[in-house]
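This report refers to the structure that appears directly beneath it.
The values are calculated or read from the model by the stated rules, or taken from the named source; none is laboratory data. All values reported here derive from a predicted model rather than from experimental measurement. Positions of Cβ are backbone-derived with ideal geometry, glycine not excepted, and every protein chain shown enters the neighbour counts.
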Amino acid sequence: MIAELRDFLIREGASHTVGAPPSGSAGRAVGSLARVVILRDGDAFALAVLPAGAALDLAGFRRRVGRYGLTVANEDEFRTQFPEFAAGPLPPFGGMVAIPVYLDRAFAGETWMRFEGDADREVVSLSMRDYVRVERPAIVPLAQALRAA
């Protein structure tokens with residue numbers, strides 16, 4: 001986990017654990033793994049946090065938030081502008097750098113927020129209550145609905 005995130009969570013009083021990804025059925029009990037999609041609207045960035053296996057419904061998201069210029073951002077450009085996120089998977093915390101975060105409503109019923117902590121496949125876990133308290137994301141539908149064939 002990047003030092004800035006660890007310090008941020010400690011400063012905010014958000015208890016968290018760092019460990020290997022859970023395997024088998026036990027993994028489902030602790031929540032879905034989250035992934036981050038970087039969005040851009042002109043000079044402004046936003047983070048969309050959705051389940052790792054889900055696809056972003058960008059057109060639907062644009063309509064819901066009324067930001068029709070949103071596009072999926074270039075990750076290298078983002079990381080250049082925000083060097084604290086220069087390496088490894090992007091954590092679902094935009095508040096550290098004043099970037100709005102949108103959390104997929106699929107996480108609303110989850111007890112835990114889990115995400116990759118670094119390139120060595122560590123997983124960071126914290127209670128969803130602490131995540132929402134610290135990050136204050138807007139909770140909206142982000143993932144594409146599965147269509148029957």
In the stretch 1-35, residue modelled with the lowest pLDDT [restricted to those that are out of contact with any helix residue (DSSP H, G or I) (no Cβ under 9 Å at 6 or more places or on another chain) and outside any helix (DSSP H, G or I)]: S25
When residues of the stretch 99-121 are limited to those that are in contact with a Leu (Cβ under 7 Å, 6 or more places away or on another chain) and of a type in the set (V, I, T), the one farthest from A138 (Cα to Cα): I99
Residue match in the stretch 65-78 (condition: out of contact with any Gly (no Cβ under 8 Å at 6 or more places or on another chain), of a type outside the set (D, E, K, R) and under 25 Å from D130 (Cα atoms)): yes
Pick from the stretch 43-53, criterion more than 20 Å from L126 (Cβ to Cβ) and modelled with pLDDT under 90, ranking: nearest to the chain's Cα centre (by Cα): G53
Among (1) surrounded by fewer than 17 Cβ atoms within 10 Å (Cβ to Cβ); (2) touching a strand residue (DSSP E or B) at 6+ places or on another chain (Cβ under 7 Å), the one test that P89 misses: (1)
Filter result (surrounded by 16 or more Cβ atoms within 10 Å (Cβ to Cβ), hydrophobic (A, V, I, L, M, F, W, C) and part of a loop (DSSP other than H, G, I, E, B)) within the stretch 104-144: L142
Test: residue in the stretch 55-66 that is within 24 Å of L5 (Cα to Cα) and surrounded by fewer than 16 Cβ atoms within 10 Å (Cβ to Cβ): no
Of all residues making up the stretch 110-141, the number that are closer than 21 Å to A54 by Cβ, at pLDDT 85 or above and out of contact with any Ser or Thr (no Cβ under 8 Å at 6 or more places or on another chain): 11
